[in-house]
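Below is one structure; the comments refer to it alone.
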Amino acid sequence: MVYSKQKLHEEKVFKDPVHRYIHVRDQVIWDLIGTKEFQRLRRIRQLGTTYLTFHGAEHSRFNHSLGVYEIIRRITDDVFANRPEWNENERLLSLCAALLHDLGHGPFSHSFEKVFELDHEAFTQAIILGETEVNEVLRRVSPTFPQNVSDVIAKTYENKQVISLISSQIDADRMDYLQRDAYFTGVSYGHFDMERILRVLRPREDQVVIKSSGMHAVEDYIMSRYQMYWQVYFHPVTRSSEVILTKILHRAKELSENNYTFAYEPYHFLSIFKGAVTLKDYVKLDESIILYYFQMWEEEEDPILRDLCRRFMNRNLFKYVEFDPSKEYKKLNELEKLFEQAGLNPDYYLVVDSSSDLPYDFYRPGEEEERLPIHLMMPNGELKELSRQSDIVDAISGKRRTDHKLYFPKDCILDDSSHKEVKAKIKSILSLE
């Protein structure tokens with residue numbers, strides 16, 4: 001039998017807390033799950049450092065990737081099956097792209113990317129197209145299949161309908177992570193009626209649309225996303241742990257560039273520090289490796305690296321105050337000088353962190369980035385953009401919310417065994433008294 005059509009002798013299932021079961025019948029999908037590049041995702045948390053805020057948030061990119069696959073499987077096998085607007089030949093491509101869409105995430109994903117100027121989507125494509133077990137499986141389907149999967153993830157594939165299933169303002173990726181992250185963090189915000197949304201999804205030309213009767217379920221989904229961003233993803237304590245994580249990586253990189261002799265040489269980081277990371281080096285990195293080095297660096301001679309690692313590993317995080325950089329830049333300049341006088345390097349111990357989110361938006365002519373809207377299909381077949389029909393969505397469309405906080409080691413400031421007068425000024429400015 002042709003490999004792309006080959007089925008397992010018996011269906012495999014993964015028990016899942018969000019979708020109850022993940023069903024696998026295709027040999028291709030089963031083989032991809034078994035590759036070392038996909039198994040690596042078990043060792044990368046879905047929510048990075050969020051486990052230091054919500055202790056249940058230990059779930060992995062592996063969990064999430066299976067969840068996205070399962071949603072796409074249900075859409076293609078149940079909702080879209082036998083509909084003339086859907087090309088059944090795109091089914092396996094959609095399933096593979098869903099399963100592999102996060103393949104290139106690194107340890108503590110976004111913080112890691114920022115420090116070393118890496119792009120997880122570029123690495124996802126590199127794994128799919130490079131000399132990997134994943135590529136070997138995909139090439140068994142056809143010589144062009146790896147490129148097609150890569151194009152879907154890169155949003156350049158010719159069939160925009162397939163892309164919108166995996167990457168749009170209401171896609172399988174978001175529908176899984178909102179529910180999964182809500183479940184593992186223990187919050188109630190991320191829940192919405194996914195069953196209803198799946199029932200009203202319809203394939204149309206080059207996009208996926210929603211029957212107008214499902215508008216209220218979509219409103220609920222968008223508000224759930226809004227709440228999850230501000231209550232979970234942008235939680236100030238999580239941001240504090242990310243600030244420290246980022247500063248550890250910056251410090252290690254700076255020390256390496258200055259030929260510092262590490263007691264525990266960071267072999268896994270060397271090519272990254274030099275900006276010459278190879279795919280082979282990259283896929284060896286996971287969070288167990290990072291945490292090993294952080295634990296070792298708790299004993300380093302460099303006081304900044306040692307202190308930051310101890311803070312991260314023992315959850316002695318920075319405190320924060322509200323901060324408006326557009327109005328309080330003079331205060332920040334003064335604090336930087338005082339921190340230096342107090343023996344605290346402001347580059348590592350005084351950090352402004354900003355979070356920003358746009359819960360729903362749509363393309364406006366003349367803007368650089370095209371944001372495809374959610375379209376409702378009216379009873380007569382006409383398509384209408386969601387915010388034109390929903391007062392709730394209209395109220396938040398195009399409205400970006402931004403939050404700024406100033407992070408610092410409060411314990412060091414309150415310790416007046418040294419630099420007492422300087423620290424008194426810092427306490428006064430930060431209103432710590």
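The values are calculated or read from the model by the stated rules, or taken from the named source; none is laboratory data. Just so we're clear, the structure is a prediction, and the values are computed from it rather than from any experiment. For neighbour counting, all protein chains shown are included, and Cβ atoms are generated from backbone atoms with ideal geometry for every residue, glycine included. Accessible surface is based on the protein model in full, side chains and every heavy atom, while ligands, DNA and RNA are left aside. Shrake-Rupley method; radii C 1.70, N 1.55, O 1.52, S 1.80 Å.
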Item checked: Local electrostatic count, ASP173, Cβ distance below 13 Å [Lys/Arg +1, Asp/Glu -1] -> -1
Item checked: Alpha-carbon centroid distance for the pair the stretch 265-294 / the stretch 83-145, whole angstrom -> 21 Å
Checklist line | Farthest positive-ward along the stretch 78-166 dipole, Cα basis, beta-carbon charges - from GLN161, SER142, HIS120 | finding: GLN161
Check: Treating the beta-carbon of each Lys and Arg as +1 and of each Asp and Glu as -1, no other charges, what is the dipole magnitude of the chain about its Cα centre, to the nearest 20 debye?
Finding: 680 debye
Check: Which percent of the accessible area of the stretch 3-231 is formed by carbon and sulfur heavy atoms (probe 1.4 angstrom)?
Finding: 44 percent
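Taking R0 as 22 Å, what's the FRET efficiency between GLU58 and ARG20 from their Cβ-Cβ distance, rounded to 0.05?
Step by step, r from the Cβ atoms, then E = 0.65.
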Checklist line | Loop-located trypsin sites (Lys or Arg not before Pro) in the stretch 203-265, at most 14 other Cβ atoms within 10 Å (DSSP) | finding: none
Margin query: Suppose only helical runs count, i.e. DSSP H with n ≥ 4. What mean residue ellipticity at 222 nm does that imply for the chain under -39500 (n - 2.57) per run, divided by all residues and rounded to the nearest 500 deg cm²/dmol?
Written below: -13500 deg cm²/dmol
Item checked: Total formal charge among the other residues, if their Cβ is under 11 angstrom from that of LEU317, Lys/Arg +1 and Asp/Glu -1 -> +3
Check: Toward the positive end of the charge dipole of the chain, about the Cα centre and with charges on Cβ (Lys, Arg +1; Asp, Glu -1), which of PHE262, TYR282, PHE184 goes farthest?
Finding: PHE184
Checklist line | Approximate spin-label separation TRP230-LYS12, in nm, with each point projected 7 Å along Cα-to-Cβ | finding: 4.3 nm
Check: Once Lys and Arg get +1 and Asp and Glu get -1 on their Cβ, which of PHE108, THR132, THR76 lies farthest toward the positive end of the dipole of the stretch 66-164?
Finding: THR76
Check: Which net charge results for the neighbourhood of MET228, defined as the other residues with beta-carbon distances under 13 angstrom from its beta-carbon, given Lys and Arg at +1 and Asp and Glu at -1?
Finding: -1
Notebook entry, point to check: Regarding the stretch 3-231, what is the average projected area of its C-alpha convex hull, in nm²?
Noted result: 12.5 nm²
Margin query: Calculate the FRET efficiency for ASP415 and ASP77 from the Cβ-Cβ distance with a Förster distance of 60 Å, rounded to the nearest 0.05.
Written below: 0.45
Checklist line | Among GLY34, GLY343, GLY104, residue whose mean-square fluctuation peaks in a GNM of the chain (springs only between Cα atoms under 10 Å) | finding: GLY343
Notebook entry, point to check: With every protein chain present, what accessible area does ILE33 have (1.4 Å probe, heavy atoms only), rounded to the nearest 10 Å²?
Noted result: 10 Å²
Note to self: So for the stretch 3-231, if I pair up every lysine 8 or more residues apart or on another chain, how many of those pairs have alpha-carbons under 23 Å apart?
What the structure shows: 6
Notebook entry, point to check: Dipole magnitude of the stretch 3-231 about its Cα centre, charges +1 at Lys/Arg Cβ and -1 at Asp/Glu Cβ only, in debye to the nearest 20?
Noted result: 440 debye
Item checked: Mean accessible surface per residue for the chain, computed with a 1.4 Å probe while every protein chain stays in place, in Å² -> 47 Å²
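If you place +1 on the Cβ of every Lys and Arg, -1 on the Cβ of every Asp and Glu, and leave all else neutral, what size is the dipole of the stretch 119-203 about its Cα centre, to the nearest 20 Debye?
So the dipole magnitude of the stretch 119-203 works out to roughly 380 debye.
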Check: When the Cα atoms of the stretch 16-112 are enclosed in a convex hull and the volume is divided per residue, what value in Å³ results?
Finding: 111 Å³
Check: At 10 °C and 1.306 mPa s, what whole-number value in µm²/s does Stokes-Einstein give for the translational diffusion of the chain, with Rh from the Kirkwood sum over Cα pairs?
Finding: 67 µm²/s
Checklist line | Vicinal HN-Hα couplings computed from phi for the stretch 394-410 (Karplus, 6.51 cos²θ - 1.76 cosθ + 1.60; Hz; Gly/Pro x) | finding: 4, 5, 10, 5, x, 9, 8, 9, 10, 9, 10, 9, 10, 9, 6, x, 4
